[in-house]
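For reference, the structure is listed below as structure tokens.
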Amino acid sequence: GNPPVRCHCEINYYRVLLFISATVPFIEILVGWIFAKSDVVIMDGIHALADGSFFAFAYKVTRLVHNKTIPRDDEKRARIRYGRIQLVLLVIGMSVLLFFEIMYRFDAPPDMHIGFTAFGGMIGLVGALLSYATLRELKKWNPANRTSDVSTIHVWSDIWTSVVPIVTATLVWIGRRLSIQNITFLDPFFTVLIALYFIATSIKYFIYPAKH
């Protein structure tokens, strides 16, 4: 079972996660759009926002269990249902970004700012690490939690995608030092690569949710 006090504590943890996932990605997107001129930073922020929707659904499921609206045994089915909604949102966001990149960015990559691109990635990385630390505390407090494991998978993807802008900025800096032409092409290239990965992975998770 899941005592009400345990559900209530889980709700508080998810409130912290919701706050992080609602503020940090928004700041990252602004940095990527206004200062970095980097689509890979914007992509990372959009992905983090999509994962934030999963925390919102996990929060909703926990509240339903806490209020005894659904039995504990139905939690897994509810998580799968809301998880699929989250995957649809992620695929839509990544598809729009992919279309924009292919249609407009490959011919004329933006003149990205190296420092702000790395800074944007660091913002996303800090947010992902804070979410991971929160989930670890939640898991320690309630090892039987059925949504924290899946949430951790989402956070790990946030961590790795936040590293990409930092790597991109480093490669572009090296390329400019070596006078490599069109080195900023790496920004839309990595954006398209990661968007394709998330679309393919989301479709697989949507079809086979029980395996993940």
*If a residue has to be in a helix (DSSP H, G or I), open to solvent by 30 Å² or more (accessible area, probe 1.4 Å) and either in contact (Cβ under 8 Å) with a residue 12 or more places away in the chain or under 13 Å from MET112 (Cα atoms) (or both) to count, how many in region 168-182 make the cut?*
4
*Can you name the condition, by its number, that VAL150 falls short on among (1) at pLDDT 85 or above; (2) not in a loop (DSSP other than H, G, I, E, B)?*
(1)
_Out of ILE42, ILE27, ILE46, ILE34, sole residue that is free of Cβ contacts under 8 Å to residues at least 24 places away in the same chain, open to solvent by 10 Å² or more (accessible area, probe 1.4 Å) and in a helix (DSSP H, G or I)_ = ILE34
*Output the qualifying pairs, or none if there are none: Cβ atoms under 6 angstrom, residues six or more apart or on different chains, first residue in region 57-78 and more than 19 Å from LEU18 (Cα to Cα) and at pLDDT below 75, second residue in a helix (DSSP H, G or I) and open to solvent by 30 Å² or more (accessible area, probe 1.4 Å).*
ILE70/LEU64
*Leading residue by the ranking (nearest to VAL40 (Cα to Cα)) among those in region 117-145 that are open to solvent by less than 20 Å² (accessible area, probe 1.4 Å) and modelled with pLDDT under 80*: LEU138
*Looking only at region 152-166, and only at residues there that are open to solvent by less than 90 Å² (accessible area, probe 1.4 Å) and free of Cβ contacts under 8 Å to residues at least 40 places away in the same chain, the one that is nearest to GLY124 (Cα to Cα)*: ILE159
*Take region 190-201 and flag every residue that is touching a residue at least 12 places away in the same chain (Cβ under 8 Å) and either surrounded by fewer than 20 Cβ atoms within 10 Å (Cβ to Cβ) or farther than 19 Å from ILE85 by Cα (or both).*
PHE190, THR191, VAL192, ILE194, LEU196, ILE199
*Would you mind telling me which numbered condition in (1) open to solvent by 40 Å² or more (accessible area, probe 1.4 Å); (2) under 15 Å from the mean Cα position of the chain (by Cα); (3) of a type in the set (Phe, Trp, Tyr) PHE55 fails?*
(1)
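Here is a list: ILE114, ILE20. Which entry is modelled with pLDDT of 90 or more, open to solvent by less than 50 Å² (accessible area, probe 1.4 Å) and under 30 Å from ARG176 (Cβ atoms)? Talk me through it step by step, then tell me what you get.
Working: ILE20 fails: under 30 Å from ARG176 (Cβ atoms).
Being modelled with pLDDT of 90 or more, open to solvent by less than 50 Å² (accessible area, probe 1.4 Å) and under 30 Å from ARG176 (Cβ atoms) holds for just one of ILE114, ILE20, which is ILE114.
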*Which pairs have Cβ atoms under 8 Å, sit 6 or more apart or on different chains, and link a residue in region 8-21 that is under 20 Å from ASN67 (Cα atoms) to one that is not in a helix (DSSP H, G or I)?*
CYS9/ASN142; GLU10/ASN142; GLU10/ASN145
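Do we find a residue being in contact with a helix residue (DSSP H, G or I) (Cβ under 7 Å, 6 or more places away or on another chain) and under 20 Å from PHE26 (Cα atoms) anywhere in region 65-80?
Going through region 65-80, the residues in contact with a helix residue (DSSP H, G or I) (Cβ under 7 Å, 6 or more places away or on another chain) turn out to be 65-66, 70, 72, 75, 78-80.
With under 20 Å from PHE26 (Cα atoms) added as a condition, the list becomes none.
No, because not a single residue in region 65-80 is in contact with a helix residue (DSSP H, G or I) (Cβ under 7 Å, 6 or more places away or on another chain) and under 20 Å from PHE26 (Cα atoms).
The values are calculated or read from the model by the stated rules, or taken from the named source; none is laboratory data. A quick note: this is a predicted structure, and the numbers were derived from the prediction, not measured. Positions of Cβ are generated from backbone atoms using ideal geometry, with glycine treated the same way; all protein chains shown enter the neighbour counts. The area values use the complete protein model at the heavy-atom level, side chains included, leaving out ligands, DNA and RNA. Shrake-Rupley method; radii C 1.70, N 1.55, O 1.52, S 1.80 Å.
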